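Here's the structure we're looking at; comments come further down.
Read-outs throughout are calculated quantities, based only on the coordinates presented, and are distinct from any laboratory measurement. The structure presented is a predicted model; accordingly, all values stated were derived computationally and were not measured. So basically every Cβ, Gly included, is an ideal-geometry build from the backbone, and we count neighbours across all protein chains shown.
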Amino acid sequence: MLARELCAEYLSLGKYVTKRQLFTGLDKKRKTKVVDITKTRSRMQRYERLHDRPLIVDTHHPEGIVLNNVTTVVFVLRCDPAILIRRLRQKKWSREKIRENVMAEALDSCYIHARSYYGTRKLVQLDTSHSSVKHSVKTAKSILSGAKIPALRVNWLSKLENNESLSIYLGC
């Protein structure tokens with residue numbers, strides 16, 4: 001939706017990797033592909049050169065693939081683990097995949113990886129827990145237009161500990 005609103009190219013990195021077979025093998029436990037970072041980075045650089053419109057890349061793992069020097073803003077979408085678990089159950093994800101994703105969110109995994117690669121200046125966290133896609137897109141567009149928003153400080157782990165619900169999420 002953001003790409004449409006900005007007349008930008010949209011690329012789902014997972015679908016791109018699958019379609020072009022840019023993976024080294026399969027992780028049987030997680031039932032997912034293992035991305036070949038070097039090949040994917042090379043293909044992404046070619047892709048960026050061929051398109052003159054801005055590019056929005058949808059991924060959980062951009063570090064080393066979407067290069068820092070061509071990246072303007074990195075939005076890390078956040079979600080309260082209690083809400084995330086409901087959303088993933090509605091999508092009929094496996095119990096293990098839900099547990100893995102909820103724990104990654106609780107431990108700030110995507111945020112920490114993005115921060116270590118892109119630094120804090122390009123990084124914006126958006127809490128999507130109670131926001132519609134339309135509202136999140138509106139917020140992202142405002143930020144891209146230069147609007148200042150208060151820095152989001154997310155600490156799901158502390159919230160889970162305070163609610164004594166961490167063990168529930170470990171088992172999902």
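Computed values, structure above
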read-out: FRET efficiency, 1/(1 + (r/R0)^6) with R0 35 Å, evaluated for Arg95 and Leu67 via beta carbons; value: 0.45
read-out: Long-range amide H partners of Tyr10 with built H, under 5 Å; value: Ile56
read-out: Which listed pairs, of Lys39/Lys159; Lys31/Lys141; Lys92/Lys159; Lys31/Lys138, have C-alpha distances above 31 Å, in listed order; value: Lys39/Lys159; Lys31/Lys141; Lys31/Lys138
read-out: Ranked Glu105, Glu9, criterion: other C-beta atoms within 10 Å, fewest first; value: Glu9, Glu105
read-out: Mean ellipticity per residue at 222 nm, deg cm²/dmol - from DSSP H runs of n ≥ 4 across the chain, formula -39500 (n - 2.57); value: -13500 deg cm²/dmol
read-out: Amide proton proximity set for Lys33, modelled H, under 5 Å, gap of 5+; value: Asp27
read-out: GNM flexibility winner over the chain from Asp52, Asp36, Asp108 (Cα, springs under 10 Å); value: Asp52
read-out: Max mean-square fluctuation residue, GNM over the chain, Cα-Cα springs under 10 Å, options Ala82, Ala147, Ala104; value: Ala147
read-out: The chain - share of DSSP beta bridges that are antiparallel (%, nearest 5); value: 30
read-out: For region 1-61, radius of gyration divided by Kirkwood radius, i.e. Rg to Rh on alpha-carbons; value: 1.03
read-out: Among [x] 16.2, 51; [y] 19.7, 85; [z] 16.9, 51, the entry derived from the coordinates for Rg and Dmax of the Cα atoms in Å; value: [z]
read-out: Span-like helix ranges in the chain, DSSP H, alpha carbon extent 15 angstrom or more, Kyte mean at least -1.0; value: 133-144
read-out: Estimated FRET transfer efficiency when R0 is 30 angstrom, pair Ser109-Arg4 (beta carbons, to 0.05); value: 0.60
read-out: FRET E, pair Ser131, Arg41, Förster distance 45 Å, beta-carbon r, rounded to 0.05; value: 0.90
read-out: Rel. contact order, % - alpha carbon contacts under 8 angstrom, at least six apart, the chain; value: 24
read-out: Amide hydrogen neighbours beyond the local backbone of Ser129, cut-off 5 Å, H modeled; value: Asp80
